[in-house]
Amino acid sequence: MEFDWDPADLEHRTDVRAFLDETLPDDWEEMSAHGPGSDAQAAFSKTFCGKLAERGWLTQHWPEAFGGKDASPWRHCVLGEEMWAVGEPRGAQYMNVNWIGPAIMKYGSEAQKAFHLPLISSGQVLWCQGFSEPGAGSDLAALRTRALRVGDEYVINGQKIWTSYVQSAEYVILLVRTDPESKGRHGISVLLVPMDRPGIEVREIPSVVGDRYFHEVFFTDVHVPTDVLLGPENQGWDVVNYALQYERVGAARYARAALTLDRLAELARERGLLDDPIVVDKLGEARGLVEAARALTYRVIDLRAKGSPPTADSQLARVASTRVDTAVGALALEILGPEALEYGSFADANFRMAMTAGVAVGASEMQLNLIASRFLELPRE
Ligand SMILES: Cc1cc2nc3c(=O)[nH]c(=O)nc-3n(C[C@H](O)[C@H](O)[C@H](O)COP(=O)(O)OP(=O)(O)OC[C@H]3O[C@@H](n4cnc5c(N)ncnc54)[C@H](O)[C@@H]3O)c2cc1C
């Protein structure tokens, strides 16, 4: 593994920082504290991503044929780190560029590619992810939402839960059972469903994580044409696995944690807490975790840059990243006390994210199960 950055990537980092300085509004930190699901941030993300697209940065890692610049995964990693460090102004659109777009590139029909990819690469569309259901979270293959083929349409009935960003989303990447007789991973398909279809009802689940973060989505006799199918019918499990490999290292959580930690260290210094060797020790330990998560993520990007197939390293990187969030959140509480929970403060935003970090995109225990079976080849008992 080569540890030196390409000078052009370093220059890109400088350019992105300058762009953020001039583009983020003065009230960005406050807007960011409400979370990417808030109305203000959802609207802002379209303006912001439009500007990123104008510069050719939003989907620079995509092939030129699909509106990208064939930039290396490292260049995209630099962009992701800088975005995540300031609170992810791309909002929900980080999903579009990281894994929904690539899944459409790999599995989409020519018509799907021609329609969806330009919308994503110009930063003008919001997607949400309809995977989890009551009773089908960690055990995603237990999902029960059905899409039955009737002529040249699917008719969808069922319920999704914990869906983020849904209230402003124009499309949902939806996991459904298309073979009513099937069980487990078989008979599942992925549909690209417009959210304005009659029969889709969204209910918010209030939470401490942020405004409009979680929702239930109900589908009652929702009719869609069969050409919304992504990839082969009944083989959606492969599509999802492909997409999730990208999702797991998509969010550069360690970059945000590093910044939070720097601010914590500065506050500890101002308050004379650095005289306490235990505080210094804990700050050092947390920094070690940040750097470990960064190195594990870089390993995944290195493999990707070399065109190697995905490995369990993405699960390792994900677990390490979520542990960093939790460690930094706990340390903030220890150093700042109740101040760390003051709504809108930098520590609070981190703390609220940390609470759910080990659950989203597959709980940490499930990632560890996968590491045990795929990486350590331990028996499944
Ligand atoms: C911030 C956030 C955003 C999310 N956004 C979305 C979204 O946009 N779209 C979407 O579809 N979903 C979303 N989710 C849902 C997420 O994917 C699920 O919460 C996750 O898969 C866990 O499922 P669950 O909540 O049903 O918990 P459960 O599966 O019930 O798990 C509960 C606990 O039991 C443990 N457990 C379960 N099975 C095992 C096992 N076999 N071995 C060991 N431990 C086990 C889990 O690790 C967990 O700690 C989001 C979740 C969060 C926290």
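The values are calculated or read from the model by the stated rules, or taken from the named source; none is laboratory data. Owing to the predicted nature of the structure, the values given are computational and were not obtained by experimental measurement. Glycine also receives a Cβ, built like all others from the backbone with ideal geometry; neighbour counts cover every protein chain displayed.
Taking the stretch 216-232, which residues are away from the ligand (no atom under 11 Å from the Cβ) and hydrophobic (A, V, I, L, M, F, W, C)? If the condition is that a residue be away from the ligand (no atom under 11 Å from the Cβ) and hydrophobic (A, V, I, L, M, F, W, C), then Phe218, Phe219, Val222, Val224, Val228, Leu229, Leu230 are the ones that fit. In the stretch 177-215, the residue that is surrounded by the most Cβ atoms within 10 Å (Cβ to Cβ) out of those that are of a type in the set (Ser, Thr, Tyr) and within 13 Å of the ligand (Cβ to nearest atom) is Tyr213. At least 1 residues being within 16 Å of the ligand (Cβ to nearest atom) is the threshold, and among the helices (runs of 4 or more DSSP H) wholly inside the stretch 28-139 those reaching it are 28-33, 39-54, 73-85, 101-107. Considering the stretch 299-381, the qualifying helices (runs of 4 or more DSSP H), each wholly inside and each with 2 or more residues that are modelled with pLDDT of 85 or more and more than 15 Å from the ligand (Cβ to nearest atom), run over 313-336.
For the stretch 101-108, the condition of being hydroxyl-bearing (Ser, Thr, Tyr) and over 16 Å from the mean Cα position of the chain (by Cα) holds for at least one residue. From the list Ile120, Ile156, Ile173, which one is surrounded by 18 or more Cβ atoms within 10 Å (Cβ to Cβ), modelled with pLDDT of 95 or more and out of contact with any strand residue (DSSP E or B) (no Cβ under 6 Å at 6 or more places or on another chain)? Among Ile120, Ile156, Ile173, only Ile120 is surrounded by 18 or more Cβ atoms within 10 Å (Cβ to Cβ), modelled with pLDDT of 95 or more and out of contact with any strand residue (DSSP E or B) (no Cβ under 6 Å at 6 or more places or on another chain).
Out of everything in the stretch 1-27 that is among the hydrophobic types (A, V, I, L, M, F, W, C) and in a helix (DSSP H, G or I), what residue ends up being surrounded by the fewest Cβ atoms within 10 Å (Cβ to Cβ)?
Ala18
Residue count for the stretch 127-140 satisfying the condition of being surrounded by fewer than 23 Cβ atoms within 10 Å (Cβ to Cβ) and either outside the structural domain of Glu204 (by TED's automatic domain parsing) or at pLDDT 95 or above (or both): 4.
Each row is one residue, and each column tells you yes or no for (1) of a type in the set (Phe, Trp, Tyr); (2) under 17 Å from the mean Cα position of the chain (by Cα); (3) more than 29 Å from Glu30 (Cα to Cα).
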| residue | (1), (2), (3) |
| --- | --- |
| Leu283 | no, no, no |
| Arg299 | no, no, yes |
| Pro310 | no, no, yes |
| Asp325 | no, yes, no |
| Ala330 | no, no, no |
| Leu333 | no, no, no |
| Leu341 | no, no, no |
| Gly358 | no, yes, no |
| Leu370 | no, no, yes |
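Only residues that are within 8 Å of the ligand (Cβ to nearest atom) and of a type in the set (S, T, N, Q) were counted across the stretch 140-176, and they come to 2.
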